[in-house]
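Take a look at the structure below.
The values are calculated or read from the model by the stated rules, or taken from the named source; none is laboratory data. Note that the coordinates shown come from a computational prediction; the quantities given were computed from them, not determined experimentally. Here Cβ is always computed from backbone atoms with ideal geometry, including for glycine, and neighbour counts include all displayed protein chains.
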Amino acid sequence: MRNEDYGYGSGSGSVLLSFLLGGVVGAVLAFLFAPRQGSETRTKIKDYVDDIRGRSTGYIEQTKDKMSSVIEKGKSTYEEKKSLVGSAIGAGKEAYEKEKEKLSKEHNA
């Protein structure tokens, strides 16, 4: 079975989350096992967390911008297709009425 069958996505959001989570776990392990004093390790962890927070904020903003763009494009496409379907329905009704009128005239003649 594929990952999608189990609800696991392979989209860019899943990849990004996996990458960030792996980076955090690796960094925490590296800090914990590095031969440093406690205060130095805490300072490094704080700096790293601040860096991750800044990056994640940037990724979140990029994702919001992309999603807004995709949503707007979807709305535009929907309206365009809705208009085309409406035109096709109108043309179909018009053709039906013309054909109905034509058959009615032939039948009455």
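For (1) within 24 Å of Gly22 (Cα to Cα); (2) part of a helix (DSSP H, G or I); (3) free of Cβ contacts under 8 Å to residues at least 60 places away in the same chain; (4) β-branched (Val, Ile, Thr), each residue gets a yes or a no:
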{"site": "Thr57", "(1), (2), (3), (4)": "yes, yes, yes, yes"}
{"site": "Gln62", "(1), (2), (3), (4)": "yes, yes, yes, no"}
{"site": "Ser87", "(1), (2), (3), (4)": "no, yes, yes, no"}
{"site": "Gly90", "(1), (2), (3), (4)": "no, yes, yes, no"}
{"site": "Leu103", "(1), (2), (3), (4)": "no, yes, yes, no"}
{"site": "Glu106", "(1), (2), (3), (4)": "no, yes, yes, no"}
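What about Lys44, is it part of a helix (DSSP H, G or I), modelled with pLDDT of 85 or more and among the charged types (D, E, K, R)? So Lys44 does not fit the description; no. Exactly one residue among Gly26, Gly13 is surrounded by 10 or more Cβ atoms within 10 Å (Cβ to Cβ), among the small types (Gly, Ala, Ser) and in contact with a Ser or Thr (Cβ under 8 Å, 6 or more places away or on another chain), and that residue is Gly13.
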